[in-house]
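Coordinate-derived values only; no laboratory data. Here the structure is a predicted model, which means the values were calculated and not measured. When we count neighbours, we look across all protein chains shown, and the Cβ atoms used for this are built from the backbone with ideal geometry, even at glycine.
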Amino acid sequence: MDILQGKFLGNERGFGFVKISEEIPDIFIDKKNKKDAMNGDIVEVKVLKEKHGEHNEGAIINVVERNTKQVVGTFQKSKNFGFVVPDNKELGTDIFISKSNFEKAKNHQKVVVKITKYPRKGMKAEGKITEVLGFIDEAGVDMLSIIKEYNLLNEFPKNVIEEAKNISREEIKPDGRKDFREEEIFTIDSEDAKDLDDAVSVYKNDDETYTLKVHIADVSHYVREGSLLNREAIQRGTSVYMLDRVIPMLPTELSNGICSLNEGKDRYALSVIMKIDKNGKVIDSDITKSIIRVTKRMTYTDVAKIIDRSDEKILKKYEKYIEHFDRMKRLAKILKARRIKDGYLSLEIPESKITLDKNGIAIKVEPYKLNFANEIIEQFMLTANEAVAERFFWLNAPFIYRVHEKPDEEKIKELNKYLFNLGYRIKGKFDDIKPKAFAQILEEVKGKDEERVVSHLLLRTLKVARYEAENKGHFGISSKYYCHFTSPIRRYPDLFIHRVISKYLEENYNIAESFKEKYEKQAEKYAVSSSECEQIATKAERESEDIKKAEYMQDKIGKEYDGIISSITSFGVFVELENTVEGLVRLENIEDDYYIYDDINKQLIGKENKKTYRLGQKVKIKVIYADKQTRKINFVFI
């Protein structure tokens, strides 16, 4: 028998997939073949003869390891027993609660349940309520539910905070570092940013080249290997941003204090100094330990007003720095032009900006507006990350790279079917696709109605980027060498490679083999754990948005909006509104005809009237359902 072991990934409709590895395609598991497996369990799967589309089909024969210990959900109470309906619909089972395990929970309250018995022979899982969070409409309960669901570490232990406080009192001295305190240096961030970990400056040279200096907070100077802070940071892996709160990787005493590159304060940094030619190529680079003093803390909004000369008051306020920001603008444009030429994928998918009132209720949802000041920082950080990754790759140093492999051939073929219906086609060999093939499509749709839809389609086709100890390049930015170096306050891989870089600088690049061996093992271990933490953070952040979008639409029932068809499935049509909210028009709610799903061309066709619903099509909809509890929004076509 062909038996494999992997992780079961459930779907709310009952079926699922078993993920074996990056190299082996996921195995489809029909509802009748999932045995008693729950989402996240490690299982043994027997591969069957049947196929499910491009996937092999399998049957779970054994649950090796249970990975769900507690569940967050809504309590449904009867007289002598109750059930908890999990928030995570992919879990695959409600949890039975006996009367003795109610723990004073009321009907329809959000609760945390410890599983005491797992599902077996068709019977549901059983559990005990350990914590009552409150009703879903009470202030903060929705976000607290997500924190509990993903076991996010919401508070720091007292001894970790004490260690951070002691460190924050340390005196900062030049200490043999390169001294940049007299230079003009700027941080450029959003208005509400508190953990400022990158600062920049740009100079024009006599030979028409530019010198770009990217200064990154030297967090590894404070968060030492073996410390309580380091252990906590490994566990968290990343900061989590959930609309009205941040769950930081490091205590605020460090992240907003001594590690943050605050205006006018002496700070330790790792500085990357790059010489860039008129074509945007880095022709020379160096990295050094430094001490800096930020001249001005700037916001994206103010820098945008300076470079487009749109606000006299702001221009007057920063008059003496205007030429510096103009240099930044010119260099960022050169760098972006070079990236576009190389095939860099600039996906036009606006992030959602969700405004909450003082009680945490969503009162506005809109696209997050980016300006060229955001572009400046993006281009400078990409360039620094590439320069650092390339240098340490050739040094054969133990390192954590940011890896983004090319998409699978089958996925590209599937994408081409969608694009064909929109009048586009990917060119080139699918088995050796180049980023430029995708970039050409993005260039063709630029400024058109379907631009956002095509960007979404491309994003779904791409693999998920991850951390690895081995360099495999980055498809999305068309780069041979890439790492995350520029955010050590909020990402552990950045902090880890800072520690490696510091060691190489301290030892003048003469590194002992014992150090290499030790850190190579650590790089492999932390790459895996950081990727897992990142996936959890992404899910939590996405769910916090979904909840707040549904909450925002709850009082919009009956209202009409313009939208664009973003996805078509066998059960309905997803429509995205201009404010970034997405909802489903269920097939049974399209009442003017019986519609048939055309899987090949990814469209719906009316049996009698031959009316067609296609991707990218503009439509008018009415909101008929929105519920933050289920995180679902439903529309009907007008």
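Quick one: compute the contact order of the chain, relative version, from alpha carbon pairs under 8 angstrom and 6+ residues apart, as a percent.
Across the chain, relative contact order equals 10 percent.
Looking at the P(r) of segment 70-135, how many percent of alpha-carbon pairs lie beyond 16 Å?
Counting every Cα pair in segment 70-135, those more than 16 Å apart make up 34 percent.
Could you give each residue of segment 339-347 its phi-based ³J(HN,Hα) in whole Hz, using Karplus coefficients 6.51, -1.76, 1.60 with θ = phi - 60°, and x for Gly or Pro?
Once θ is set to phi - 60°, the couplings for segment 339-347 become 5, 4, 4, 7, x, 4, 8, 9, 7 Hz.
To the nearest 500 deg cm²/dmol, what mean residue ellipticity at 222 nm is calculated for the chain from DSSP H runs of n ≥ 4 alone, each contributing -39,500 (n - 2.57), summed and divided by the residues?
It comes out at -9000 deg cm²/dmol, rounded to the nearest 500.
Based on the Kirkwood radius over alpha-carbon pairs, what is the Stokes-Einstein translational diffusion coefficient of segment 209-309 at 4 °C with 1.567 mPa s viscosity, in µm²/s?
It comes out at roughly 80 µm²/s.
Can you give me the Kirkwood hydrodynamic radius for segment 453-506, using every pair of distinct Cα atoms, in Å to one decimal?
Kirkwood radius, segment 453-506: 13.2 Å.
What is the P(r) of segment 557-637, as percent of Cα-Cα pairs per 5 Å bin from 0?
3, 16, 27, 26, 16, 8, 2, 0
For segment 409-462, what does the equivalent ellipsoid look like in terms of its semi-axes, each the square root of 5 times an eigenvalue of the Cα gyration tensor, given largest first in whole Å?
Semi-axes (√(5λ), whole Å): 17, 11, 10.
Label points 7 Å out from Cα along the Cβ direction at residue 578 and residue 411: separation in nm?
3.3 nm
Tell me, what is the percent relative contact order of segment 268-328, built from C-alpha pairs under 8 Å that lie six or more residues apart?
23 percent.
Using the alpha-carbon atoms, what tilt in degrees (0 to 90, nearest 10) does helix 409-422 show relative to the longest principal axis of the chain?
Here the helix axis deviates by roughly 80 degrees.
Could you run the Karplus curve 6.51 cos²θ - 1.76 cosθ + 1.60 with θ = phi - 60° over segment 288-296 and give me ³J(HN,Hα) per residue in whole Hz, x for Gly and Pro?
8, 7, 9, 10, 10, 9, 5, 6, 9
Segment 569-601 to segment 132-177: how many Å between their Cα centroids?
So the separation of the two Cα centres works out to 42 Å.
Please state the relative contact order of segment 3-65 as a whole percent: Cα pairs under 8 Å, 6+ residues apart?
Averaging sequence separation for qualifying contacts and normalising by length gives 34 percent for segment 3-65.
Taking mean projected area of the Cα convex hull in nm² as the quantity of interest, determine which of (1) 28.7; (2) 32.5; (3) 34.6 was computed from the displayed structure.
Here the calculated entry is (2).
Report the Cα centroid-to-centroid distance between segment 363-403 and segment 281-338 in angstrom, as an integer.
So the two Cα centres are separated by 17 Å.
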